[in-house]
Amino acid sequence: MQLNTIEKRNYLIGFSLIIFMVATATFLNDFEIILPEIGALTAGTWIYQNDGWINQPTKIFLAPSGTAIIGFLINQLKINYAQKVLLGLLLMLILLKVLKSNLAPSFATGLLPIIINATHWSFIIAILIFTSILMIGVLVQGGYKQTVPSTSIKKHHMLVFTIMAAVWVGTVWFFGFSQMAAIPPVMVVFFEVLQKPNYNWRMACKHFIALVGAATIGVLIHLIFSSWLLSALIALPLVFLLLQILKIKLPAAFAFPLLALVLPKNMFHMLPITAILATTFFLGSMVLFKKIVSINQTSSNFNN
């Protein structure tokens, strides 16, 4: 895909914000300041200017910040990891319903404190600061004025999301791999495609390659370069090139290289495999789900 001058400028500004975040975490030696989903949010709001993400600028601050606080507080509870993930996802769905927001990255910011076991308030402060910056950036760009306000999350979407998440979390917990319960970038893409009218195998394969590829890039680069800043500087352009080759715009892919920087060791080495399994399950199920819905609608129309 060829980039015009404005797109090149947006990429430069967006990547600069992400690198600034990682540089700040490096300077303060605080990994909780590295927020992977800020990478996805920056790509979706500043670079791609996704209509569904920018149409309500204040929600760019409210939704991710709210879910982050939910995840942070749940992480303090004395319950097991899988239970934290399920409880967190349920409360996040309720919050998004109340806010009338469909901002998928909110799930990722809410799951992150559970995944990395965030205990310092620097995590919350960082979320508030960077989501505020993103909101202001969207207001300054002004693209939101040409968008149509999104509708509230539909109840049947909430039900499907909850069931699929429960099946996934229950399955990995049963087989003793509870650390696989939460894979934020995959959850984000799953929630996005769940709300689309159609989703086919071709697009699912592209999403699979992009997500698994981004996860693999993040792990391999960080294995070679231990520096957070250097890893981000190298991995993010590689993810950009991967998406260009695939000719798709997938903001969630930019979260994986940053996620690799903050994962606990037992999850870090498993990240590519976990991405393969989670992406196959969620996106494969979504293709089948959309086909079933389409067949039922066709049958209903025929009978009428």
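Taken together, the values in this text are just the output of simple stated rules run on the coordinates, not laboratory data. Everything numeric here is computed off the predicted structure, so don't read it as measured data. Note that each Cβ is placed from the backbone with ideal geometry, even for glycine, and that neighbours are counted across all protein chains shown.
Using label points projected 7 Å from each Cα along Cα→Cβ, tell me how many nm separate ILE136 and THR151, to one decimal.
Each label point is offset 7 Å from its Cα along the Cβ direction, giving 3.6 nm.
Under a crude label model (7 Å from the Cα following the beta-carbon direction), how far is SER122 from THR280 in nanometres?
3.8 nm
For the cross-link pairs LYS8/LYS206; LYS247/LYS291; LYS97/LYS290; LYS97/LYS196; LYS100/LYS291; LYS206/LYS249, which exceed 20 Å when the distance is taken from alpha carbon to alpha carbon?
Over 20 Å apart, Cα to Cα: LYS8/LYS206; LYS247/LYS291; LYS97/LYS290; LYS100/LYS291.
Give the calculated FRET efficiency between LYS247 and PHE175 to the nearest 0.05, with a Förster radius of 41 Å applied to their Cβ-Cβ distance.
Once rounded, the FRET efficiency stands at 0.70.
With θ set to phi - 60°, apply the Karplus curve 6.51 cos²θ - 1.76 cosθ + 1.60 along the range 75-80 and write out the HN-Hα couplings as whole Hz, x wherever there is a Gly or Pro.
Once θ is set to phi - 60°, the couplings for the range 75-80 become 4, 7, 6, 8, 10, 6 Hz.
When only Cα pairs under 8 Å and 6 or more residues apart are kept, what is the percent relative contact order across the chain?
24 percent
Could you rank the peptides 182-189, 151-158 by their average count of other C-beta atoms within 10 Å per residue, with the highest value first?
182-189, 151-158
With unit charges on the beta carbon (Lys/Arg positive, Asp/Glu negative), name the residue among LEU211, LEU17, ILE94 whose Cα is farthest towards the positive pole of the charge dipole of the chain.
ILE94
Largest first and in whole Å, give the semi-axes of the range 160-304's equivalent ellipsoid, each being the square root of 5 times a Cα gyration tensor eigenvalue.
31, 19, 9
What full-extension length gain, to one decimal in nm, is calculated for ASN4 and ILE79 as 0.36 nm per residue of separation minus the Cα-Cα distance?
Roughly 22.0 nm would be gained on extension.
What order do you get for 54-61, 12-19 when each peptide is scored by the mean count of other beta carbon atoms within 10 Å, highest first?
54-61, 12-19
At q = 0.06, 0.14 Å⁻¹, what log₁₀ I(q)/I(0) does the chain have when each alpha carbon counts as one equal point scatterer in the Debye sum?
-0.18, -1.04
How long is the gain from ALA23 to VAL167 if the chain were fully straight, where each residue apart is worth 0.36 nm and the alpha carbon distance is subtracted?
48.0 nm
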